[in-house]
Amino acid sequence: ACGCAVHSLLPAGAFYTSLDLATRFIRPVTAGTGRLLCEGTVAHFGSRTALAHARLTDESGKLYAEATSNCMLFRPDRPSP
């Protein structure tokens, strides 16, 4: 979800790679957990890096896991560092 959130903001031809990914598991997911929603958001979108967050929740909003990812952006129309 972190990567998808970043990717959704990139123009055609641009791409990214994860610099790091920190995942925190809050509670177990079992057969009785029910439907889960994973939502990714971008907290920072710069010229070279992006920072994204993701949350995994159930239908009542209870948190099961969360993640943070820092991504390096590659844009073909810009020179590499």
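The values are calculated or read from the model by the stated rules, or taken from the named source; none is laboratory data. A quick note: this is a predicted structure, and the numbers were derived from the prediction, not measured. Cβ coordinates were reconstructed from backbone atoms using ideal geometry, including for glycine residues, and neighbour counts include every protein chain displayed. Calculation scope for accessible area: heavy atoms of the full protein, side chains included, ligands and nucleic acids excluded. Shrake-Rupley method; radii C 1.70, N 1.55, O 1.52, S 1.80 Å.
Tyr64's amide H: which non-local residues (gap 5+, or another chain) put their own amide H closer than 5 Å, with H modeled 1.01 Å from N in plane and none for Pro or chain starts?
Leu56, Thr57, Asp58
Using the charge dipole of the stretch 24-81 (Lys, Arg: +1 at Cβ; Asp, Glu: -1 at Cβ; taken about the Cα centre), state which of Pro28, Phe45, Thr57 has its Cα farthest towards the positive end.
Checking the options against the dipole of the stretch 24-81, the answer is Phe45.
In the stretch 1-43, what is the volume of the convex hull around the alpha carbon atoms, normalised per residue and reported in Å³? Write down the numbers at each step before the final one.
Working: hull volume 4.7 nm³, N = 43.
Dividing the Cα hull volume of the stretch 1-43 by its residues yields 109 Å³.
So what is the accessible area of the chain per residue, in Å², with the probe set to 1.4 Å?
Values: 5330 Å² over 81 residues.
Per-residue accessible area for the chain comes out at 66 Å².
Could you give each residue of the stretch 50-56 its phi-based ³J(HN,Hα) in whole Hz, using Karplus coefficients 6.51, -1.76, 1.60 with θ = phi - 60°, and x for Gly or Pro?
9, 10, 10, 10, 9, 9, 10
Could you sort Val42, Val29 by accessible area so the largest value comes first, with the probe set to 1.4 Å?
On the way: Val42 45, Val29 85 Å².
Result of the area sort, largest leading: Val29, Val42.
Test of the criteria: in the chain, which GluC sites (Glu not before Pro) are in a DSSP loop and have at most 13 other Cβ atoms within 10 angstrom of their Cβ? If you can, show how the numbers build up before the last one.
Details: sites: Glu39, Glu59, Glu66; in loops: Glu59.
Qualifying residues, ordered by number: Glu59.
What number results when the radius of gyration of the stretch 11-81, computed over Cα atoms, is divided by 2.2 N^0.38 Å? Before the final figure, lay out each step's value.
Values: Rg = 15.7 Å, N = 71, 2.2 N^0.38 = 11.1 Å.
Ratio of Cα Rg to 2.2 N^0.38 Å: 1.41.
Let's see if you can work this out: charge +1 on each Lys and Arg Cβ, -1 on each Asp and Glu Cβ, no other charges. What is the dipole magnitude of the chain about its Cα centre, in debye to the nearest 20? Can you show the working numbers first?
Numbers: 8 positive and 6 negative charges, 17 e Å.
The dipole of the chain has a size of about 80 debye.
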